[in-house]
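Just below is one structure, and these are the notes that go with it.
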Amino acid sequence: MYSFETQLRPRYGETDQMGYVYYGNYPAYYEVVRNESMRGLGTSYPEMEQRGVMLPCREMHIEYKRPARYDELLTIKMWLVEMPTTKLLHRYEIYNEQGELLNKGMTVLVFVDSTTMKPCRCPEWFAEKLRPYFA
């Protein structure tokens, strides 16, 4: 299993009138940890695209437990629980500074050939980076 975590502080513009992080911003927080996790593997989304593969989101599930607040240091955790095939399944948890679980989520991204725009298998060069975590 590959796991990664990062931290961020919600900006004022990401909150609603109650001072809570607006519910529509959580997918962007998931994207932050996905991008940073790619860097943690020694690659990036731009590199994936330069190599002719895109990763659109096919499915997303979000479970809101407690609100996140403006300027609160959040820890965003992400797991890949299975080796990717034609899809990449991410699980997420977001915690506040007190260690309370605020949010859980899941996304399914699909590997797509950028020329044909059809689903394709996980590129071998990317699978090679993940194999040590699933051995």
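The values are calculated or read from the model by the stated rules, or taken from the named source; none is laboratory data. Quantities reported herein were computed from a predicted structural model and do not represent experimental measurements. Glycine gets a Cβ as well: all are built from the backbone with ideal geometry, and neighbour counts include every protein chain shown. These area figures cover heavy atoms from the full protein model, side chains too; ligands, DNA and RNA do not enter into them. Shrake-Rupley method; radii C 1.70, N 1.55, O 1.52, S 1.80 Å.
Among (1) surrounded by fewer than 15 Cβ atoms within 10 Å (Cβ to Cβ); (2) acidic (Asp, Glu); (3) not in a loop (DSSP other than H, G, I, E, B), which single condition is residue 71 missing?
It fails just one condition, (3).
Might you let me know whether segment 116-130 holds any residue that is in a strand (DSSP E or B), within 22 Å of residue 54 (Cβ to Cβ) and open to solvent by 70 Å² or more (accessible area, probe 1.4 Å)?
Within segment 116-130 (the criterion being in a strand (DSSP E or B), within 22 Å of residue 54 (Cβ to Cβ) and open to solvent by 70 Å² or more (accessible area, probe 1.4 Å)), the answer is yes, since at least one residue qualifies.
Report the residue count in segment 24-62 for those that are within 21 Å of residue 93 (Cβ to Cβ) and part of a helix (DSSP H, G or I).
Residues meeting the conditions: 17.
Residue check: is residue 85 surrounded by fewer than 17 Cβ atoms within 10 Å (Cβ to Cβ), among the polar types (S, T, N, Q), out of contact with any Gly (no Cβ under 7 Å at 6 or more places or on another chain) and at pLDDT 95 or above?
Answer is yes for this residue.
Within segment 32-42, is even one residue open to solvent by less than 70 Å² (accessible area, probe 1.4 Å), at pLDDT 95 or above, within 29 Å of residue 129 (Cβ to Cβ) and over 13 Å from the mean Cα position of the chain (by Cα)?
Yes, segment 32-42 contains a residue that is open to solvent by less than 70 Å² (accessible area, probe 1.4 Å), at pLDDT 95 or above, within 29 Å of residue 129 (Cβ to Cβ) and over 13 Å from the mean Cα position of the chain (by Cα).
Which members of segment 1-18 meet the condition of being closer than 19 Å to residue 80 by Cβ and among the aliphatic types (A, V, I, L, M)?
1
For residue 97, all conditions in the list (1) within 19 Å of residue 4 (Cα to Cα); (2) touching a residue at least 40 places away in the same chain (Cβ under 8 Å); (3) in a loop (DSSP other than H, G, I, E, B); (4) of a type outside the set (A, V, I, L, M) hold save one; what is the number of the exception?
Result: residue 97 passes all but (2).
In segment 1-26, what residues are open to solvent by 40 Å² or more (accessible area, probe 1.4 Å) and in contact (Cβ under 8 Å) with a residue 12 or more places away in the chain?
Within segment 1-26, 1, 3, 4, 5, 7, 9, 11, 12, 18, 20, 23 meet the criteria.
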